[in-house]
Amino acid sequence: MPAPVVTTIYEAPKNPAHQPVLDRLRERQALEKASEFYRLFRLPRPLTLKAKGCDGEIDAWFENDEITICYEYVAYVLDIARNPKRPDWVSENDALVGPVIDLFLHEGGHAIFDYLKVPVLGNEEDAADFVASYVELNLYKADAYGLIAGIVYCYLNEAGVHSFKRLRRMRGGPVDGQTFADVHSTPLQRVYNVLCLAYGYDPVRYKALIDKGVLPAERASGCKVEYEQVDYAFKTLLVPHLDQAALARLFPQVNSAAPK
């Protein structure tokens, strides 16, 4: 089967204030680099990656064979990355790049489920999160720690927590009940899910998460099993659809352990 056609489109921003965002995305070839992940799969039809203005909406989505990321979202992430109160455990670059990569991989999870008719048992949003985290840990390897830090920092900001220190001090409090009705897990649930998968993947490299008391010991004790569940699902459901040459080059450990 020939390589799938993956098209990238940068639309002119509707808001002139987003021109620097467009320039930065183009300079870093953000869409082109994101497209490399989708080219690993033997997709049955073309896919488009698009960056555009969304009339003030901070969002991204997959719909009608198109993954869209809003300039508003990138501007939001850039703003929190440049926050002078940003903690020292995350760099400005990781605070920007981590969430943007994670968003593309998350929406890519939705696209892959749709294109390849992958069965999903449970919440598809959680499944897309797991695909994103798994790929970040396995594909980006050396950069994964920084990317995970940036993703966690973004979720903490979304939850209004901003730092691990404040997170450790949280002990309940009033919560809007509608938060739990959202199709996505809450930002703090997503924080702990990302941290747990990272710790389950490499407990030595991510040991600081336990030492700092960020990941509760009772959750950490099961993270190896949680990662193994995601690892098995990825190898069983997605690896058969990967281009074998690309797989051997970019996912050697996945390729060697794929179910027969």
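Side notes on the structure shown:
- Hits in region 201-232 (condition: in contact with a Phe, Trp or Tyr (Cβ under 7 Å, 6 or more places away or on another chain) and not in a helix (DSSP H, G or I)): 205, 206, 212, 214, 215
- Qualifying residue in region 48-59 (condition: within 21 Å of the chain's Cα centre (by Cα), under 19 Å from residue 135 (Cα atoms) and modelled with pLDDT of 95 or more): yes
- Qualifying residue in region 113-122 (condition: among the small types (Gly, Ala, Ser) and assigned to a loop (DSSP other than H, G, I, E, B)): yes
- Residue within region 6-14 that is assigned to a strand (DSSP E or B), surrounded by fewer than 20 Cβ atoms within 10 Å (Cβ to Cβ) and of a type in the set (Phe, Trp, Tyr) present: yes
- Complete set of residues in region 173-200 that are in a helix (DSSP H, G or I), out of contact with any Leu (no Cβ under 8 Å at 6 or more places or on another chain) and at pLDDT 75 or above: 189, 190, 193, 194, 200
- Single condition residue 99 does not satisfy, out of (1) buried (at least 20 other Cβ atoms within 10 Å of the Cβ); (2) touching an Asp or Glu at 6+ places or on another chain (Cβ under 8 Å); (3) within 30 Å of residue 164 (Cα to Cα): (2)
- Test result for residue 82, in contact with a Leu (Cβ under 8 Å, 6 or more places away or on another chain), without any contact (Cβ under 8 Å) to a residue 60 or more places away in the chain, among the basic types (Lys, Arg) and more than 25 Å from residue 244 (Cβ to Cβ): no
- Scoring residue 165 on the criteria (1) basic (Lys, Arg); (2) under 29 Å from residue 23 (Cα atoms); (3) in a helix (DSSP H, G or I) leaves a single failure, condition (2).
- Selection of strands (runs of 3 or more DSSP E) fully inside region 41-112 by the criterion of at least 1 residues being hydroxyl-bearing (Ser, Thr, Tyr) and touching a Ser or Thr at 6+ places or on another chain (Cβ under 7 Å) returns 47-52.
The values are calculated or read from the model by the stated rules, or taken from the named source; none is laboratory data. These numbers were taken from a predicted model, which means no experiment stands behind them. Neighbour counts are summed over all protein chains in view; Cβ atoms, including those assigned to glycine, are modelled from backbone coordinates with ideal geometry.
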